[in-house]
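**Student:** Below are the structure tokens for one structure; questions will follow.
The values are calculated or read from the model by the stated rules, or taken from the named source; none is laboratory data. This is a predicted model, so every value here is computed, not measured. Glycine also receives a Cβ, built like all others from the backbone with ideal geometry; neighbour counts cover every protein chain displayed.
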Amino acid sequence: MRRLDRETVDRIAAGEVVTRPARVVVELVENALDAGAERIEVEVTAGGTERIRVVDDGRGMRRADAERAVERHTTTKLPDGDLRAVETLGFRGEALASIADVATLTLTTNDGGPRATRVRAADGDVTVEATGRGQGTTVEVTDLFHNRPARRESMAAPATEFERISDRVAAYALLRPEVAVTLTHDGRRTFATPGSGSFADAALAVYDREVARESTTLDAGASVPMGDGEASVGIRGLLAYPSITRASADHVRVAVNGRPVAMPGLRRAIARGYGSLLPGDRHPVAALSVSLPARAVDPNVHPTKERVAIRAADAVEGAVEDAVADALSTADLRRSADVAMDLEAALDPVESAPSALGEADVIGQFSGCYVLCAAGDDLLVIDQHAAHERINYERLREAVASADVPSASLDPPATLSLAPEAAAAVERYADELATLGFDADPFGGGTVRVRAVPAPVGRVADPESLRDALAALRAGEDPDGRDALLADLACHPSLKAGDDLTDAEAAGLVDRLGACEQPFACPHGRPTVLAVDEAHLARGFERHPRRG
């Protein structure tokens, strides 16, 4: 056993901080934010190993502080030496020194004085000189990992490394909309946010017009028990409507006290807030910033600061879930559509119209599937099956909200053949299945005997619904399996394609849909309403709206 020399210790520490180009960008952007920057420009060449440049207009540093900034374990973020009181984006005290260990680092900074300071650090050598620059800081990192050939060779393709950088910078841009963030790659601007403080403006820059307009903002607060009293939780951000989804959860971004973090619990809370508005295999686009007292967060539990520890995490996640659900319940989630005037063009989502279903007048039925309504300047197209599903689902959910689901006995019992793991789950989840209205037990060889099935509001479930209930329980997404079951039960008695409706029946359907808590998606996440703006029709016919 021997004690490591200082150089080896420093190299190990550098490896913990600087694992790839994206980590360099994160460290420099967070330093800029902690310096109070209102504008941050990130420039990247290739995948970041050649050059990374971050420019900010923050407070900057005087000469003595700039010289000290590239030394190990120096910081301005911990004035009292108390790690429990950190209110910046985290304290490590070795980021710039670690970067200088594996690259050439040039720091140019000015705290508002007549002269700026330039510090150049590479391979242990440090030079300092006076130079010109306005207030703020510029950090340029070149030749990353030039002295770590194995690390450099392990880098992914430049496009992949830049994708990681882009994802990190986009998170700061979306979650800190009050800061103007620009990302440039190989001399071409990738995106630039205006720093207006608007989450929608940031989403417009990072994504596109569709995400920006098909979304709602959230600004909520809650108090949660924290062991030694109550703690205030602030929740702000942007939620894209269920019409905008992605195949992975990568676009659910969360910040805790201003720092983007990878917190699976908070991501799941956001998804639960969307509830049945999302299709089962899709994920929302969301950017939420959660604010907590410093005493409730430990920001230094992860070597790369990608996660934090939150006291009373379950309560905080519950507050986030409730805030998301409340925001979506008051948003107009109808999917609007731009009408294409050629046969090969698709029906693409456009800006949601402001009128509500309560203003809609039924004007007919089309193809035995759709109810057509006039609502202000919009033509609403309502999928009658999806609408009826939503109505039935909310009725069923209300009926069973305060009690176990009623059962109907099967005589003779039904038998189901299940996969071995599913058959074993029947015993494991016996209590939960009973609460849902099932009476089932394994019969041997993967066969399950079903003696009773759910029958809420007189609707008797098919014995096959046991499969879906087991799948929901085993997946753990719906703790009591109830929502998945009710969604399936709501489907069977709903209107089908080809069912003719009288005008009175169609009007009643629209009225009941408008009274629903979430009228614009069926319980499986599919849309119930499309809206077509009169202006789009007028353009197709080469007319002016409201003119002859």
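**Student:** Can you give me the number of residues within the range 176-204 that are under 16 Å from ARG253 (Cα atoms) and aliphatic (A, V, I, L, M)?
**Tutor:** 4
**Student:** Could you please find all residues in the range 139-162 being surrounded by fewer than 14 Cβ atoms within 10 Å (Cβ to Cβ) and in a helix (DSSP H, G or I)?
**Tutor:** Scanning the range 139-162 gives PRO149, ALA150, GLU153, ALA159, THR160.
**Student:** Can you pull out every residue in the range 446-456 that is in contact with a strand residue (DSSP E or B) (Cβ under 9 Å, 6 or more places away or on another chain) and crowded, with 16+ Cβ neighbours inside 10 Å?
**Tutor:** Going residue by residue through the range 446-456, those that are in contact with a strand residue (DSSP E or B) (Cβ under 9 Å, 6 or more places away or on another chain) are 446-455.
Within the range 446-456, VAL448, ARG449, VAL450, ARG451, ALA452, VAL453, PRO454, ALA455 qualify.
**Student:** Further, regarding this structure: For ALA180, are the conditions met, namely being surrounded by 16 or more Cβ atoms within 10 Å (Cβ to Cβ) and within 16 Å of the chain's Cα centre (by Cα)?
**Tutor:** no
**Student:** I'd like the full set of residues that are modelled with pLDDT under 75, buried (at least 20 other Cβ atoms within 10 Å of the Cβ) and small (Gly, Ala, Ser), limited to the range 462-478.
**Tutor:** ALA472
**Student:** Which of the strands (runs of 3 or more DSSP E) found entirely inside the range 202-311 contain at least 1 residues meeting this: at pLDDT 90 or above and in contact with a Lys or Arg (Cβ under 7 Å, 6 or more places away or on another chain)? Talk me through it step by step, then tell me what you get.
**Tutor:** On the way: elements: 215-225, 230-240, 252-256, 259-261, 286-291.
Strands (runs of 3 or more DSSP E) meeting the threshold: 215-225, 252-256, 259-261, 286-291.
**Student:** Of a type outside the set (Asp, Glu), surrounded by fewer than 17 Cβ atoms within 10 Å (Cβ to Cβ), modelled with pLDDT under 80 and in a helix (DSSP H, G or I): which single residue out of ARG543, ARG539 fits that description? Spell out how you get there, then give the answer.
**Tutor:** Values: ARG543 fails: in a helix (DSSP H, G or I).
The conditions single out ARG539.
**Student:** Within the range 116-132, how many residues are outside any strand (DSSP E or B) and touching a Lys or Arg at 6+ places or on another chain (Cβ under 8 Å)?
**Tutor:** Taking the range 116-132 and keeping what is outside any strand (DSSP E or B), we get 123-124, 132.
Among the residues that remain, those that are also touching a Lys or Arg at 6+ places or on another chain (Cβ under 8 Å) are: 132.
Looking only at that region, the number is 1.
**Student:** Within the group GLY498, GLY481, which residue is of a type outside the set (Phe, Trp, Tyr), within 30 Å of the chain's Cα centre (by Cα) and either surrounded by fewer than 22 Cβ atoms within 10 Å (Cβ to Cβ) or at pLDDT below 80 (or both)?
**Tutor:** Details: GLY498 fails: within 30 Å of the chain's Cα centre (by Cα).
On inspection, the qualifying residue turns out to be GLY481.
**Student:** Kindly check whether there is at least one residue in the range 177-186 that is among the hydroxyl-bearing types (Ser, Thr, Tyr) and within 30 Å of PRO523 (Cα to Cα).
**Tutor:** From the range 177-186, those among the hydroxyl-bearing types (Ser, Thr, Tyr) are 182, 184; that's our starting set.
Imposing the further condition that a residue be within 30 Å of PRO523 (Cα to Cα) reduces the set to none.
Scanning the range 177-186, I find no residue that is among the hydroxyl-bearing types (Ser, Thr, Tyr) and within 30 Å of PRO523 (Cα to Cα), so the answer is no.
**Student:** Taking interchain pairs and intrachain pairs at least six residues apart, which have beta carbon atoms under 6 angstrom, with the first residue in the range 314-331 and not assigned by TED's automatic domain parsing to the domain that holds PHE520 and part of a helix (DSSP H, G or I) and the second surrounded by 17 or more Cβ atoms within 10 Å (Cβ to Cβ) and among the charged types (D, E, K, R)?
**Tutor:** Hits for this filter: GLU321/ARG272.
**Student:** So, in the range 353-404, how many residues would count as being touching a strand residue (DSSP E or B) at 6+ places or on another chain (Cβ under 8 Å), within 22 Å of GLY525 (Cβ to Cβ) and at pLDDT below 80?
**Tutor:** Number of matching residues: 3.
**Student:** Among all residue pairs at least 6 apart or on different chains, which show Cβ distances below 6 Å where the first residue, located in the range 94-114, is surrounded by fewer than 20 Cβ atoms within 10 Å (Cβ to Cβ) and the second is among the charged types (D, E, K, R)?
**Tutor:** Within 6 Å, the pairs are THR104/ASP143; THR106/ARG120; THR106/GLU140; ASP111/ARG62.
**Student:** If you don't mind, another one. Of all residues in the range 407-445 being loosely packed, with under 12 Cβ neighbours inside 10 Å and acidic (Asp, Glu), which is nearest to VAL460 (Cα to Cα)?
**Tutor:** ASP411
**Student:** Can you tell me which residue among GLU178, GLU161 is out of contact with any Leu (no Cβ under 9 Å at 6 or more places or on another chain) and over 17 Å from VAL44 (Cα atoms)?
**Tutor:** Details: GLU161 fails: over 17 Å from VAL44 (Cα atoms).
On inspection, the qualifying residue turns out to be GLU178.
**Student:** Listed residues ARG253, ARG246; which is out of contact with any Asp or Glu (no Cβ under 7 Å at 6 or more places or on another chain), among the charged types (D, E, K, R) and buried (at least 22 other Cβ atoms within 10 Å of the Cβ)?
**Tutor:** Being out of contact with any Asp or Glu (no Cβ under 7 Å at 6 or more places or on another chain), among the charged types (D, E, K, R) and buried (at least 22 other Cβ atoms within 10 Å of the Cβ) holds for just one of ARG253, ARG246, which is ARG253.
**Student:** Would you say PRO260 is out of contact with any Pro (no Cβ under 7 Å at 6 or more places or on another chain) and either free of Cβ contacts under 8 Å to residues at least 12 places away in the same chain or farther than 27 Å from LEU33 by Cα (or both)? Let's see the steps before the verdict.
**Tutor:** Working: out of contact with any Pro (no Cβ under 7 Å at 6 or more places or on another chain): yes; either free of Cβ contacts under 8 Å to residues at least 12 places away in the same chain or farther than 27 Å from LEU33 by Cα (or both): no.
The answer is no for PRO260.
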